[in-house]
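A short reminder: the numbers here are calculations on the coordinates, not readings from a lab. What you are looking at is a predicted structure, and each value in this text was computed from that prediction instead of being measured. With ideal geometry, Cβ positions are generated from the backbone for all residues, glycine too; neighbour counts draw on all protein chains shown.
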Amino acid sequence: MNLNQFYDVIVIGAGPAGATAAAELAASGLSLLILEKSNLPRYKCCGGGITYKTAQLLPPAVRACFEDTIDTFRLSLNGDSLFENVSAQPLMYTVRRDQLDLALVERATAGGARLLQNTPVNRVWQNPDDVEVETGAGTWRARFVIGADGAESFTAAQVGLLSGTENLVALEAEVLVAASDLEKWRSRAALDQGRISGGYAWVFPKSDHLSIGLVSPPDQAKKLRSQYQEYQDSLNLAGPVIERLSGAQIPVFRAPRPVTKGRVALVGDAAGLADPITGEGIYNAVVSASLAATAIRQALPAGHSDLSLYAALVAEKIIPQLEVAAMYSHLLVRVPRPILKMLGRDSRVWANFCHLLRGERDYLDIHNRVTTLGGLSQLVFRR
Ligand SMILES: Cc1cc2nc3c(=O)[nH]c(=O)nc-3n(C[C@H](O)[C@H](O)[C@H](O)COP(=O)(O)OP(=O)(O)OC[C@H]3O[C@@H](n4cnc5c(N)ncnc54)[C@H](O)[C@@H]3O)c2cc1C
């Protein structure tokens, strides 16, 4: 192993964010090294919901990983069924994350990126002209480093950017169910709000199992296991078998935080960019990775040493959306029933939900249609 090999960019972590950044930069002819601590394909605790808007950003070959197409959402409030609505168009796909992430990283390696698996990074060090990245297998240097190493980002901690973030905590199970149950859930996803205050439960169907999970604020995480069981029982499945049960954090956006330090950029979960309403993280993982790639493509030939363009792009294109989502997520926690009922009964609200998942409108568009937050609150409290 060449200990001193030099790359244009080292990407730490081969999830959707790292693989996307690596693929885009390798396609521009840059030399790329991806360092991944696991062996691929690796299991990732995740519901595996790919909204239609996210699917539009993924390379076409990845569509082979899609296991179901969701057009129906069933919503309930702490088990109290509120509605089931159907969209004429696809809203979401479901995937197994090991397969999706493998397909994305294979695109990067096919484009020329070098991948070292089973290689956890254990030190990141910034020099004036480059960044050193140390692993048990050797040390490499690069002009820029992309920290794409997930919710508990080692890279962020190394460069001093992981500051007291309060991530949501989630429990997810892959549950084998009878063929008749699988059939009932085909094309249908369920969300149950409020089982834990500030959290929600879900059912996402895959080709041969259901992903069932529950997400909670960190201070209520001790309720997760018992509430999970209650939720699964409430689904009346015939002889469900939990094949895999695991927990992980979701770094939903709370407030803007720095995404760069010198020659290091954080993307995806490492930058804390998951949607505070839905917990969807793959969309902004891919979007932020593309923005980081844009900034690096500009910085390299110009000989710049900082990535302020990336920070500016995140501030312009991602943060305003997440700020609106964070505001509505607080409202949803305070008054879930009227909001969810409105979603079920008011065809305009349901249409906006569908537009949001399909990427036809974003949070800002929808917020601008609801003239003021006061206007929405009045609407909500009147019902
Ligand atoms: C239970 C649960 C359900 C979820 N459901 C959904 C959903 O349905 N839809 C959705 O869009 N999002 C969902 N999310 C969020 C989504 O999983 C994340 O937002 C997404 O995986 C972020 O991608 P990423 O590439 O930033 O990080 P990750 O996918 O976490 O990838 C990080 C990679 O870095 C590697 N790594 C970590 N440390 C090191 C190190 N020191 N050295 C080298 N490599 C390292 C890891 O092994 C991993 O491969 C869910 C999350 C959870 C926990």
**Asked** Tell me, what is the percent relative contact order of the stretch 14-168, built from C-alpha pairs under 8 Å that lie six or more residues apart?
**Response** 29
**the stretch 232-381: relative contact order in percent, alpha carbon pairs under 8 Å with at least 6 residues between** = 19
**Item:** Hits among lysines - C-alpha to C-alpha of Lys53 under 23 Å, sequence gap 8 or more where chains match
**Value:** Lys44, Lys206, Lys317
**Request:** Go ahead and collect, in residue order, the members of the stretch 249-263 whose backbone nitrogen is under 14 Å from a label point 7 Å along the Cα-Cβ direction of Lys222.
**Result:** none
**Request:** Have a look at Asp192, Asp275, Asp219 and tell me which one the Gaussian network model of the chain (Cα, springs below 10 Å) gives the largest fluctuation.
**Result:** Asp219
**Prompt:** Given springs between every Cα pair under 10 Å in a Gaussian network model of the chain, which of Ala110, Ala293, Ala88 has the largest fluctuation?
**Reply:** Ala88
**Asked** What ranking do Val145, Val62, Val252 get, fewest neighbouring Cβ atoms within 10 angstrom at the top?
**Response** Val62, Val252, Val145
**Asked** Which one of Ala178, Ala170, Ala265 has the biggest mean-square fluctuation once the chain is modelled by GNM with Cα springs under 10 Å?
**Response** Ala178
**Complete:** Sorted on mean Cβ neighbours within 10 Å (highest first), peptides 97-103, 294-300, 358-364 come out as 97-103, 294-300, 358-364
**Fill in**
Per the 1/(1 + (r/R0)^6) rule, R0 = 25 Å and r from the Cβ atoms of Ser207 and Ala61, FRET efficiency to 0.05 is 0.85
**Item:** Anisotropy class of the stretch 231-383 from Cα gyration tensor, a/c 1.5 cut
**Value:** oblate
**Prompt:** Hey, rough spin-label estimate for Ser234 and Glu84, points 7 angstrom out along Cα→Cβ, what's it come to in nanometres?
**Reply:** 1.6
**Message:** Could you give the length gained by full extension between Asp129 and Ile242, i.e. 0.36 nm per residue of separation minus their alpha carbon distance, to one decimal place?
**Reply:** 35.6 nm
**Prompt:** Distances over 36 Å make up what percent of all Cα-Cα pairs in the chain?
**Reply:** 23
**Request:** Multiply the residue gap between Glu360 and Ser187 by 0.36 nm, knock off their C-alpha separation, and tell me the result in nm, one decimal place.
**Result:** 60.2 nm
**FRET efficiency, Ala157 to Asp306 (Cβ-Cβ, R0 22 Å, nearest 0.05)** = 0.60
**Request:** Can you grab the distance from the C-alpha centre of the stretch 65-83 to the C-alpha centre of the stretch 213-277, Å, no decimals?
**Result:** 18
**Fill in**
For the chain, the charge dipole (Cβ of Lys, Arg +1; Cβ of Asp, Glu -1; about the Cα centre) points to a positive end, and the Cα of Gly194, His367, Tyr310 closest to that extreme belongs to His367
**Request:** Return the calculated 222 nm mean residue ellipticity for the chain, to the nearest 500 deg cm²/dmol, obtained by summing -39500 (n - 2.57) across DSSP H runs with n ≥ 4 and dividing by the residue count.
**Result:** -11000 deg cm²/dmol
**Request:** Output the DSSP H helices from the chain with an along-axis C-alpha extent of no less than 24 Å and a mean Kyte-Doolittle hydropathy no less than -1.0.
**Result:** 282-302
